[in-house]
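Asks: Before I ask anything, let me first share the structure, which is written out below as structure tokens.
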Amino acid sequence: MDKQEHDAVEWLNLYGDALYRFAMFRVQDSFAAEDMVQETLLAACGSYKNFSGTSSVKTWLTGILKHKILDYYRKFTPEQNGANLDDFASSPGSMFDTKEKWKVKPEDWKHDPKNVFEQKELMAVITACMADLPTKLSLVYRMRELEGATTKQICKRFETGESNCWVILHRARLLMRRCLESNWFAEDKKRK
């Protein structure tokens, strides 16, 4: 076994599970997540000589994986999924009345997000909520909130305007909030 193969096997043993969880949470497809981890390790082996060592190997591998995830999202186009992002931005929202006021005001979450985020049950609910979003909203939301893509990158990727992108993100966040309130925070009240 040569040095590159040895490094890849060692990295897989040390960081494979964490990289897989990272990818799986973002793409919700086990086969795609596995492929991305493999591609990450192959890319890392090929470019290890360029690794400066200013970060940990795990951080470096995660950075490569983030690029693989963005490439995965780039494969999707609005035409492939049969939906137009403009449809989501212009559809009437059921959360607001005609005067653009909340029909039902959002509840105060009263939790420290750092502590709540660590709970596995919450992560399962967040994952389910993201899976329930319409495909386009989910893709835009994931690119922005999980991958840190800029508005400009999202607009270019989905061929939409900046103001439309903000409307789409706003709707995705509202749907996520509604889902979390009904599937997590309502259950939290029952537990108390």
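Asks: Determine the gain in length on full extension of the stretch residue 31-residue 135; use 0.36 nm per residue of separation and subtract their C-alpha separation, reporting nm with one decimal.
Replies: 35.6 nm
Asks: Ok, one more. Net charge around residue 174, counting only other residues with Cβ within less than 12 Å of its Cβ (Lys, Arg = +1; Asp, Glu = -1)?
Replies: Here the count lands on +4.
Asks: Next question, about the same structure. Could you check the spin-label model distance between residue 71 and residue 13? Points 7 Å from the Cα along Cα→Cβ, value in nm.
Replies: It works out to 2.7 nm between the two label points.
Asks: What net charge do the residues around residue 154 carry, taking every other residue with its C-beta under 13 Å from that of residue 154, with Lys and Arg at +1 and Asp and Glu at -1?
Replies: So the surrounding residues net to +3.
Asks: Please tell me which of these pairs span more than 20 angstrom C-alpha to C-alpha: 136/156; 66/152; 99/152; 75/152; 66/156?
Replies: From the list (136/156; 66/152; 99/152; 75/152; 66/156), the Cα-Cα distance tops 20 Å for 99/152.
Asks: Excluding residue 62 itself, calculate the net charge of residues whose Cβ lies under 12 Å from the Cβ of residue 62, where each Lys or Arg counts +1 and each Asp or Glu counts -1.
Replies: Net local charge, residue 62 excluded: +4.
Only the coordinates and a few stated rules stand behind these numbers; no lab work does. Given the structure is predicted, the values throughout are model-derived calculations rather than measurements. Here Cβ is always computed from backbone atoms with ideal geometry, including for glycine, and neighbour counts include all displayed protein chains.
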